[in-house]
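To start, the structure itself, in structure tokens.
The values are calculated or read from the model by the stated rules, or taken from the named source; none is laboratory data. Every value quoted in this text rests on a predicted model; they were computed, and no experiment measured them. In this analysis, Cβ positions are derived from the backbone assuming ideal geometry, glycine residues included, and neighbour counts consider all displayed protein chains.
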Amino acid sequence: MRVPVTGCLQLLGAILENRVAEMQRGHWVVEPASLGWRLVLIRYRVQCLTETTKSDQNGTGRRSSYIWHVSIRQLREVRLEDLLGREPVEMDLELVRRQIEGKAVLVTGAAGSIGSELCRQILRYASQRLICVDQNETGLFYLQQELAGDRETERQAYFFCVADINDEMCMRRLFHEHAPGIVFYAAAYKHVPMMEGNVQEAVKNNVFGLMGLLEIADDCGCERFILISSDKAVNPTSIMGATKRVGELILGCRSANAMCCISVRFGNVLGSNGSVVPLLQQQLENNRPLTITHPEIKRYFMTPREAVALVLEASTIGDHGDILVLEMGKQISILQLARTLIQLSGKTEKQVSIQFTGLRPGEKLYEELFSEAEEITSTDRQKIKRVRCGRRDWPLLARSLEELRASLTVDGAEPVRSRLREILPEYVSPSTNLIDDEQMDGRLIATAAQK
Ligand SMILES: NC(=O)c1ccc[n+]([C@@H]2O[C@H](COP(=O)([O-])OP(=O)(O)OC[C@H]3O[C@@H](n4cnc5c(N)ncnc54)[C@H](O)[C@@H]3O)[C@@H](O)[C@H]2O)c1
């Protein structure tokens, strides 16, 4: 739809003043897709203007009632891109096509947020076959339904394998049957506080599950193995982050026949399973207070589409042992994100309260994409950095990993944590960064009251 450009955002006040009559005839038109997150700002400014002009209306409230009518909820559903505060990254993925076309590709954790997006995008590059592995049967079922109903992917060859990657026999059979040339490894336990209470399982799955599959892939002639890592691996304060860092170390120094092993590290993916946006959206829908752990908590964010496109791009440029880090722009305040969601839902900050619940075990206030010990270098891809730090000696690391494995048989989490600390001196106990309970007492406050 073509609309005349009336002026920039700074002139919004003057435009509203001059064009009330037009607006009342319903000429207020906004092109939602092109404006993206700026709509939030427009609505916010419209609201502020409404507040200031109410008194001019001799109590009729005529203008204000019209302005309230301009509700974003009526214009569109919330898109994840709107929450970024920047334009999503677009890229040319010809290199990816050259790498994937005609190859057998295996994705672990295929039913998950990252894994399923990997499957969607990989199929667009004409892989010879795609093998989707996950232990979540229902998740795979939905992925199967989705791919079968998508015109772009319905004719592609893909297979679904409900299996635990720790099941060595099953994995060897799968690799012999399909001979994947590329593996994207997105299977993991990822919820930080949950893993603090399940330390052995986190290590078993995220460290030894990975090691087992690396060995099988290498034995079966796989050419490329890409580990999906996380910013939580940097100076980890959680078991989950520590297991991801150990994964990076293993890929970085494990001797491999001819297999190229690459870790790709990045921050949060908007809308992923169990993450902050779906949780806040659910609370909004249920008219409940929005819960945020800390007023200052910030995270890096990307949309799943951007993150996975960059992972695919990174997979084409990485050399064996590389850790490639995706550039994620500025960190976003979760409090700000919650406020944006309130605005996008058509509610006001007076109607929805925000409750601060305190940092959870293992959780940090801010994440880091690089550690101080890492040297950051650029790549020929604009949004991908390479980090270098002294590579570990594999025989030494392998011995420490065997000790870590042995600690899993001892009762309690502490032996595991202390073995992890030996491997990762930078891993700190989660209790040191927890917020004082008293500090958090009574912090149920309306956002309006904070301003
Ligand atoms: N979601 C994010 O914001 C984000 C950001 C950066 C990195 N990552 C990393 O990406 C990986 C995947 O994250 P996600 O958000 O897709 O998680 P997710 O929970 O949505 O998906 C993980 C999938 O792995 C599967 N899985 C776990 N253990 C398995 C096993 N032993 N055998 C077979 N399947 C198994 C689960 O069933 C699940 O479907 C994690 O390592 C996470 O740290 C995620």
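Filter the stretch 298-339 down to the residues that are closer than 15 Å to Glu81 by Cβ and among the β-branched types (Val, Ile, Thr) and list them by number.
Thr303, Val308, Ile332, listed by residue number.
Evaluate the following for Ala179: is it on the phi < 0 side of the Ramachandran plot, in the same structural domain as Gly267 (by TED's automatic domain parsing) and at pLDDT 95 or above?
In short, no.
Identify the single condition in (1) within 9 Å of the ligand (Cβ to nearest atom); (2) surrounded by fewer than 18 Cβ atoms within 10 Å (Cβ to Cβ) that Ala179 does not satisfy, given that it satisfies every other one.
(1)
Would you be able to tell me the number of residues in the stretch 121-165 that are at pLDDT 95 or above, farther than 20 Å from Ala307 by Cβ, more than 10 Å from the ligand (Cβ to nearest atom) and among the aliphatic types (A, V, I, L, M)?
1
With (1) loosely packed, with under 15 Cβ neighbours inside 10 Å; (2) modelled with pLDDT under 95 as the list, and Glu201 as the residue in question, which single condition is left unmet?
Result: Glu201 fails condition (2) only.
Ala188 passes all but one of (1) more than 9 Å from the ligand (Cβ to nearest atom); (2) in contact with a helix residue (DSSP H, G or I) (Cβ under 9 Å, 6 or more places away or on another chain); (3) within 26 Å of Val96 (Cβ to Cβ); which number fails?
Of (1) more than 9 Å from the ligand (Cβ to nearest atom); (2) in contact with a helix residue (DSSP H, G or I) (Cβ under 9 Å, 6 or more places away or on another chain); (3) within 26 Å of Val96 (Cβ to Cβ), only one is false for Ala188: (1).
Among the residues of the stretch 98-116, write down those that are under 19 Å from Phe266 (Cβ atoms) and within 8 Å of the ligand (Cβ to nearest atom).
Once the filter is applied, which keeps residues that are under 19 Å from Phe266 (Cβ atoms) and within 8 Å of the ligand (Cβ to nearest atom), the stretch 98-116 yields Thr108, Gly109, Ala110, Gly112, Ser113, Ile114, Gly115, Ser116.
Identify, please: which residue in the stretch 223-251 is touching a strand residue (DSSP E or B) at 6+ places or on another chain (Cβ under 7 Å) and touching a residue at least 60 places away in the same chain (Cβ under 8 Å) and is, among those, surrounded by the fewest Cβ atoms within 10 Å (Cβ to Cβ)?
Out of the qualifying residues, it is Arg224.
Filter the stretch 227-246 down to residues that are closer than 18 Å to Val199 by Cβ and more than 8 Å from the ligand (Cβ to nearest atom), then give me how many there are. Walk me through how you get there before you give the answer.
Keep residues of the stretch 227-246 that are closer than 18 Å to Val199 by Cβ, which gives 230, 232-233, 236-246.
Okay, now just the ones that are also more than 8 Å from the ligand (Cβ to nearest atom), so 233, 236-239, 241-243, 245-246.
Going through the stretch 227-246 one residue at a time, the tally reaches 10.
Could you grab me the full set of residues in the stretch 208-222 that are surrounded by 23 or more Cβ atoms within 10 Å (Cβ to Cβ) and more than 16 Å from His320 (Cα to Cα)?
Gly209, Leu210, Leu213
Based on this model, can you work out whether Leu249 counts as within 10 Å of the ligand (Cβ to nearest atom), in contact with a helix residue (DSSP H, G or I) (Cβ under 7 Å, 6 or more places away or on another chain) and part of a helix (DSSP H, G or I)?
no
If I filter the stretch 294-308 down to residues being within 16 Å of the ligand (Cβ to nearest atom) and farther than 16 Å from Ser230 by Cα, which single residue comes out as nearest to the chain's Cα centre (by Cα)?
If we take residues in the stretch 294-308 being within 16 Å of the ligand (Cβ to nearest atom) and farther than 16 Å from Ser230 by Cα, then Arg305 is nearest to the chain's Cα centre (by Cα).
Out of the residues in the stretch 261-275 that are β-branched (Val, Ile, Thr) and more than 7 Å from the ligand (Cβ to nearest atom), which is farthest from Ser333 (Cα to Cα)? Reasoning before the result, please.
Restricting attention to the stretch 261-275, the residues satisfying the condition of being β-branched (Val, Ile, Thr) are 262, 264, 269.
Keeping just the survivors that are more than 7 Å from the ligand (Cβ to nearest atom) gives 262, 264.
Numbers: Ile262: 30, Val264: 24 Å.
Per the criteria, the residue is Ile262.
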